[in-house]
Each structure stands twice: as structure tokens, then as C-alpha cells.
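A.B. asks: Encoded as C-alpha cells, here's the structure I'll be asking about.
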């Protein structure tokens, strides 16, 4: 990529993050962003359709970074505790950007995008689970419950938070395995 384009995009992103850290997405204008980035509006529009497209692009980059930081996202079924550990370390690695990009009206989007990405990755390895309501419920519970527990506890000792979340997720994974292996009729088959 051309160095000028790279510098321009970096200036746009830096200006956006600076503004976004101070106010809701809906209150940011292209004109204001361009003044901070020292570019023309036409330059901005040559890269992004609007502020929302830029925000969505950056949000997706953060989600991708979290997912790519996980060695084995499919561990949700094989080793739920390790899955949780990798996921929450990914959250920690992007914590500041998560706080900036997913604040205000966009606060619930992060966990939703994480769930979608993890389900897509898991479906590649375990396509048989795509239609299984129990597997999907456990995955959703693990991702949403763990994320919101993390968010509400982020000011406490990180090691302790991680330990508790890993333990809770491991226990949920073991519970699911015991249900699957039980010889009695399963509650979801009744």
C-alpha cells in the first residue's frame, strides 16, 4: 500500500479514536474528524462512506484481534476453561480499544460480534453443533456471561478474575459433558 494512503488512514483512525474517547459516536462529525486529522472531507470519503462505516471497520478489527489471539477457539467443547482463559486474555489485550469503541450506544455490540465470530469458527471444526440448541446455549452463556462478569469486575485483581472465570467456564463445560454422557433421557430431548 502507498505510504501516503497508510499515513492518511492512520491519521483518520487516530483522530477518530481521540474523538470517540470523549463522546458518543452519534456526536462525531466528519468535518470535525477531518480538521483533527488535517485532511479534506473528500479524502475521508475516499476511504469510508461515513463515520459509522469507520467505526464498524475498527470494531471488527478489534474483534478479529481478540479472536486471532486465541490459539484454539474450538476448545469451548474440548477444554472450556482453556477457551475462557484465551478469550479473556484476548479481551485484556484490547481492553482500551474495547472501552473506546464499544461505549455508549454501541456497548452491547462487542460481545455480540465476539459470539458471532466464535460461532463461525466453531462451526468450521464442529458443524454438527450448529443446530444443537444446547451447544449454542452453552456457547452463548459462556461468551455473554463471562464477558459481562469480566466487564463488571475489570477493576479487581486480573489474575483472580481470570481464575474465577476459567473455573466457572470449566464447570459449565463439565456439566454439559456429563449431560451428554448420561444414559438417562436428556432434558432437551423430552
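The values are calculated or read from the model by the stated rules, or taken from the named source; none is laboratory data. This is a predicted model, so every value here is computed, not measured. Cβ coordinates were reconstructed from backbone atoms using ideal geometry, including for glycine residues, and neighbour counts include every protein chain displayed.
A.B. asks: Between 85, 96, 23, which is within 30 Å of residue 152 (Cα to Cα) and outside any helix (DSSP H, G or I)?
C.D. replies: On the way: 85 fails: outside any helix (DSSP H, G or I); 96 fails: outside any helix (DSSP H, G or I).
Selected residue: 23, the only one of 85, 96, 23 that is within 30 Å of residue 152 (Cα to Cα) and outside any helix (DSSP H, G or I).
A.B. asks: Here is a follow-up. Of all residues in region 151-190, count the ones that are modelled with pLDDT under 85, part of a loop (DSSP other than H, G, I, E, B) and over 21 Å from the mean Cα position of the chain (by Cα).
C.D. replies: 6
A.B. asks: Residue 66 fails exactly one of the following numbered conditions: (1) in the same structural domain as residue 166 (by TED's automatic domain parsing); (2) not in a helix (DSSP H, G or I). What is the number of that condition?
C.D. replies: Unmet for residue 66, out of (1) in the same structural domain as residue 166 (by TED's automatic domain parsing); (2) not in a helix (DSSP H, G or I): (2).
A.B. asks: Related question: For residue 90, are the conditions met, namely being under 12 Å from the mean Cα position of the chain (by Cα), modelled with pLDDT of 85 or more, under 26 Å from residue 64 (Cβ atoms) and assigned to a helix (DSSP H, G or I)?
C.D. replies: yes
A.B. asks: Moving on to the next point. Which of the residues belonging to region 126-139 are surrounded by 15 or more Cβ atoms within 10 Å (Cβ to Cβ) and part of a helix (DSSP H, G or I)?
C.D. replies: 129, 134, 135, 136, 138, 139
A.B. asks: Would region 47-64 turn up any residue that is under 16 Å from residue 143 (Cβ atoms), under 17 Å from the mean Cα position of the chain (by Cα) and modelled with pLDDT under 90?
C.D. replies: No, there is no match, as no residue in region 47-64 is under 16 Å from residue 143 (Cβ atoms), under 17 Å from the mean Cα position of the chain (by Cα) and modelled with pLDDT under 90.
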